[in-house]
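Single-structure report; data block below.
The values are calculated or read from the model by the stated rules, or taken from the named source; none is laboratory data. Because the structure is predicted, anything quoted here is derived from the model rather than measured. When we count neighbours, we look across all protein chains shown, and the Cβ atoms used for this are built from the backbone with ideal geometry, even at glycine.
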Amino acid sequence: MKNIILAGNAVTAEILYSYIGSDSRYAVAGFTVDDAFVDKGSQFDRPTVALSKLVETFPPDRHAVVMAMGYSNVNDDRASMFTRLKAMGYAIETYLHPQALIHSRHPIGEGSIVLPGAVVEPEVRIGADSLVWCNVTLAHHCTIGDHCWVASGAVVSGKANIGDNCFIGVNATIVNALSIGDHVIVGGGALITKDAKAASVHLTRSAEQIRFTSQDYAKHFGV
């Protein structure tokens with residue numbers, strides 16, 4: 001059983017703690033955050049330790065770290081924590097949930113996370129410190145860069161290339177063989193059919209209320 005520290009103590013950490021805490025391969029020893037956030041308290045039954053105190057509290061020769069932070073600043077905050085923890089001597093654990101379906105022969109990148117129901121098809125490559133949420137499909141020969149976040153239900157089609165520090169929203173679809181630059185945001189439900197340049201943002205319009213009531217709509221359109 002491997003001793004684990006979760007880097008983060010907010011919503012993402014809460015979800016990953018639920019998964020990892022019930023995984024017999026691991027024992028969660030505690031959490032760590034930047035010193036400025038440690039006094040904000042924690043809802044967990046394990047200690048939250050300031051990053052400056054982490055080595056003396058949970059030595060790196062006996063603990064690995066799971067990245068349990070969100071995607072703030074287009075994943076730059078995750079990338080910064082990842083880099084600093086490695087410099088402190090910590091191994092960053094690659095967490096593959098037992099119910100993830102991983103068929104690629106390529107090793108998943110250091111510190112990346114693949115959650116239940118995700119499908120990673122043959123020849124997919126995933127970089128370091130990327131999070132692949134539940135029920136994502138990464139189709140054959142696609143590439144996910146470092147420090148990416150791929151939200152639930154997203155589909156990255158065959159041979160598509162996603163750059164570093166990208167955010168792919170819930171139920172978004174990236175069409176075959178496209179190239180998505182670094183630091184791109186793709187909003188929930190968006191359909192991307194053309195290459196996306198670095199640091200661009202692609203959102204779908206929110207559902208707009210139409211002039212019919214639901215009863216009139218059902219009467220005229222058969223729903």
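Among the numbered criteria (1) part of a loop (DSSP other than H, G, I, E, B); (2) of a type outside the set (S, T, N, Q); (3) closer than 21 Å to S72 by Cβ, which one does E123 miss?
Result: E123 fails condition (3) only.
Can you tell me which residues in the range 152-165 are closer than 16 Å to W133 by Cβ, touching a strand residue (DSSP E or B) at 6+ places or on another chain (Cβ under 9 Å) and surrounded by fewer than 21 Cβ atoms within 10 Å (Cβ to Cβ)? Full working, then the answer.
If we filter the range 152-165 for residues that are closer than 16 Å to W133 by Cβ, which is where we start, we get 152-156, 162.
Subset that is touching a strand residue (DSSP E or B) at 6+ places or on another chain (Cβ under 9 Å): 153-156, 162.
G153, V155 - these are the residues of the range 152-165 that are closer than 16 Å to W133 by Cβ, touching a strand residue (DSSP E or B) at 6+ places or on another chain (Cβ under 9 Å) and surrounded by fewer than 21 Cβ atoms within 10 Å (Cβ to Cβ).
Residue-wise test of (1) loosely packed, with under 15 Cβ neighbours inside 10 Å; (2) touching a Leu at 6+ places or on another chain (Cβ under 7 Å); (3) without any contact (Cβ under 8 Å) to a residue 24 or more places away in the chain.
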| site | (1), (2), (3) |
| --- | --- |
| A36 | yes, no, yes |
| D45 | yes, no, yes |
| L51 | no, no, no |
| V65 | no, yes, no |
| A68 | no, yes, no |
| L96 | no, no, yes |
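The conditions are (1) closer than 18 Å to H147 by Cα; (2) in contact with a Lys or Arg (Cβ under 8 Å, 6 or more places away or on another chain); (3) β-branched (V, I, T), and V65 fails exactly one of them. Which is it?
Every listed condition holds for V65 apart from (2).
Taking the options G145, G111, G163, G169, name whichever one is without any contact (Cβ under 8 Å) to a residue 24 or more places away in the chain and in the same structural domain as D195 (by TED's automatic domain parsing).
Values: G145 fails: without any contact (Cβ under 8 Å) to a residue 24 or more places away in the chain; G111 fails: without any contact (Cβ under 8 Å) to a residue 24 or more places away in the chain; G163 fails: without any contact (Cβ under 8 Å) to a residue 24 or more places away in the chain.
Unique residue meeting the criteria: G169.
Scan the range 186-220 for residues that are part of a strand (DSSP E or B) and either at positive phi or surrounded by 15 or more Cβ atoms within 10 Å (Cβ to Cβ) (or both) and report the count.
Step one: list which residues in the range 186-220 are part of a strand (DSSP E or B), which gives 186, 191-192, 196, 201-202.
Those left that are additionally either at positive phi or surrounded by 15 or more Cβ atoms within 10 Å (Cβ to Cβ) (or both): 186, 192, 196, 202.
Residues in the range 186-220 being part of a strand (DSSP E or B) and either at positive phi or surrounded by 15 or more Cβ atoms within 10 Å (Cβ to Cβ) (or both): 4 in total.
State yes or no: is H183 under 18 Å from the mean Cα position of the chain (by Cα) and either in the same structural domain as N75 (by TED's automatic domain parsing) or at positive phi (or both)?
Working: under 18 Å from the mean Cα position of the chain (by Cα): yes; either in the same structural domain as N75 (by TED's automatic domain parsing) or at positive phi (or both): yes.
For H183, the condition - under 18 Å from the mean Cα position of the chain (by Cα) and either in the same structural domain as N75 (by TED's automatic domain parsing) or at positive phi (or both) - is met.
Which ones in the range 3-13 are out of contact with any His (no Cβ under 6 Å at 6 or more places or on another chain) and surrounded by 16 or more Cβ atoms within 10 Å (Cβ to Cβ)? Walk me through it before giving the result.
Taking the range 3-13 first, the residues out of contact with any His (no Cβ under 6 Å at 6 or more places or on another chain) are 4, 6-13.
Result: I4, L6, A7, G8, N9, A10, T12, A13.
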